[in-house]
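A short worksheet on the structure shown next.
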Amino acid sequence: MTSADHSVLRVFDVDPASPTYKSQLGSVDLGKKESFGVFIDPADAAGTHAYVTLWEAQKVVDVDLTDPAHPAVARSFATDKNPQGVAFVGTQWMLVGNDYGETLTVVDRVGGTATTTPIDFEPGLRGLDPSSLAYDAARGRLYVTLAGVNAVAAYDVDATKSPPAVTPAGKVEVGWWPTSVAVGADGSLLVANLRG
């Protein structure tokens, strides 16, 4: 758990069967404020790493949670302006939506590198505000909310390439200012609209 006004990530016990349920187990200072979100790779069943997007620092911080009482910043990856949502493509790649940057950052978690590219959806158009991401691994499709144009962009992802090839496939008009997107088991989209 983080807060936009503080630079500290706090780790809590959320296991109802645990004797320390609801207790803070540990904390770590991330060095910068304005965190947007905390993301854990669904393939990391033990939850050993959390990734925190930091607006002010323009980066994603990898926090090692192997010892929840002593979480530690393991490394960080540079992004563009206002990194927000994260999607995981396999165990190696992570995609980050940069709201004010109008870009996606492709992070190689194995090689420790990050490359930022334009979202390449509507070249030259500003104010798209890419924020929330959802990856449908079964269909090789990435969805990105474009809050500024009330749409969700769809991208084909070729995960066999290194880095994955991310190609625009179209967009879906949604309600006013979409802020979150998720993929259902049947491939359907669930979208939350902040102002709609």
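The values are calculated or read from the model by the stated rules, or taken from the named source; none is laboratory data. Remember, it's a predicted structure, so these values are computed and weren't measured experimentally. Cβ: placed from backbone, ideal geometry, glycine included. Neighbour counts: every protein chain shown. These area figures cover heavy atoms from the full protein model, side chains too; ligands, DNA and RNA do not enter into them. Shrake-Rupley method; radii C 1.70, N 1.55, O 1.52, S 1.80 Å.
On a C-alpha basis, how far is the centre of region 75-90 from the centre of region 100-172 in Å? Whole number, if you could?
Centre-to-centre distance over Cα atoms comes out at 11 Å.
How many Å² of accessible area per residue for region 1-123, probe 1.4 Å? Don't skip to the end; give the middle numbers.
Numbers: 6060 Å² over 123 residues.
Counting only protein heavy atoms, the per-residue value for region 1-123 is 49 Å².
Name all residues of region 70-104 having a backbone nitrogen under 11 Å from the label point set 7 Å from the Cα of residue 43 along its Cα→Cβ direction, giving them as ranges.
Hits in region 70-104 for residue 43 at 11 Å: 88-94.
On the accessible surface of the chain, probed at 1.4 Å, how many percent belong to carbon and sulfur atoms?
Taking all protein chains in place, the chain shows 52 percent carbon and sulfur surface.
Please identify, among 120, 80, 99, the residue showing maximal mean-square fluctuation in a Gaussian network model of the chain using a 10 angstrom Cα cutoff.
120
Between residue 56 and residue 13, what length in nm is gained on full extension when 0.36 nm per residue of separation is reduced by their alpha carbon distance?
Working: separation 43, 0.36 × 43 = 15.48 nm, distance 2.80 nm.
The span from residue 56 to residue 13 would gain 12.7 nm if fully extended.
How much length is gained if the chain between residue 137 and residue 73 is pulled fully straight, taking 0.36 nm per residue apart and subtracting their Cα-Cα distance, in nm to one decimal?
Values: separation 64, 0.36 × 64 = 23.04 nm, distance 2.82 nm.
Net length gain for the segment: 20.2 nm.
Name the residue, out of 24, 84, 92, whose mean-square fluctuation peaks in a Gaussian network model built on the chain with Cα pairs under 10 Å.
In this elastic network of the chain, the residue with the biggest mean-square fluctuation among 24, 84, 92 is 24.
With each pseudo-label sitting 7 Å past Cα toward Cβ, what's the residue 92-residue 115 distance in nm, one decimal?
With each label point 7 Å from Cα toward Cβ, the separation is 1.2 nm.
Of 81, 22, 32, which has the largest mean-square fluctuation in a 10 Å C-alpha GNM of the chain?
22
Give the lysines whose C-alpha is closer than 17 Å to that of residue 32, dropping any in the same chain fewer than 8 places away, or say none.
Result set, ordered by chain and number: 59, 81.
Ranking request for peptides 134-143, 109-118, 170-179: highest mean number of other beta-carbon atoms within 10 Å first, then the rest in descending order.
So the peptides 134-143, 109-118, 170-179, ranked by packing, come out 134-143, 170-179, 109-118.
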